[in-house]
Amino acid sequence: MGAAKTLLIVYHSLTGGTRQMAEAACAGAVAEAGCAVRLLHAAQAGPGDVLAADGYVFATPENLAAMSGQLKDFFDRSYYAVLDQVNGRPYASLVCAGSDGSNAARQIARIATGWRLKAVAEPLIVCTHAQTPEAILAPKQIGDDDLAHCRALGEALATGLVLGVY
């Protein structure tokens, strides 16, 4: 077997929902012995982290029908520094949404397309049904079934990296 593979999970979370999803994906990925997993808040991640990884999970809340500003900032700081250096690498996305999540997922997909990354799963969107200002700003608790899906996604991505499927 070749050198260990690295999975980078970049997330932003204000109310904890997206963080729980990213941590679950990380827990699933670390189950794959041949894969090193790096879980970084979007404010801490940059181009060097992207270049050092073999695959990615991008996780965001949907804010005002868009990815979070912090995840967008990560992409803004990293985009041109890694352009044409990560072509073909696999990625998946996680979105914690109040009602929909599809636009945030589309935004990530557009950026990933520009980087020429390969989507290896449909975006995993967890809907919290938070619709009032109080509910939107309240701490979130993601359900066990949804977290199990996040863990499975992380495990599948890590296993695919190690086996050379991606």
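The values are calculated or read from the model by the stated rules, or taken from the named source; none is laboratory data. This one's a predicted model, so the numbers in the text were calculated from it and none came from an experiment. With ideal geometry, Cβ positions are generated from the backbone for all residues, glycine too; neighbour counts draw on all protein chains shown. Ligands, DNA and RNA are stripped out before the accessible areas are found, and what is left, the full protein with its side chains, is counted by its heavy atoms. Shrake-Rupley method; radii C 1.70, N 1.55, O 1.52, S 1.80 Å.
Quick notes on this one:
- Candidate set from segment 134-166 (those that are hydrophobic (A, V, I, L, M, F, W, C) and not in a helix (DSSP H, G or I)); member that is nearest to ALA27 (Cα to Cα): ILE142
- Filtered residue count, segment 1-59, keeping only those that are of a type in the set (Val, Ile, Thr) and either part of a loop (DSSP other than H, G, I, E, B) or open to solvent by 50 Å² or more (accessible area, probe 1.4 Å) (or both): 2
- Breaking point among (1) part of a helix (DSSP H, G or I); (2) over 13 Å from the mean Cα position of the chain (by Cα); (3) of a type in the set (D, E, K, R), for LYS72: (2)
- Residue satisfying condition, being in contact with a Ser or Thr (Cβ under 7 Å, 6 or more places away or on another chain) and surrounded by 13 or more Cβ atoms within 10 Å (Cβ to Cβ), within set ILE142, ILE108: ILE108
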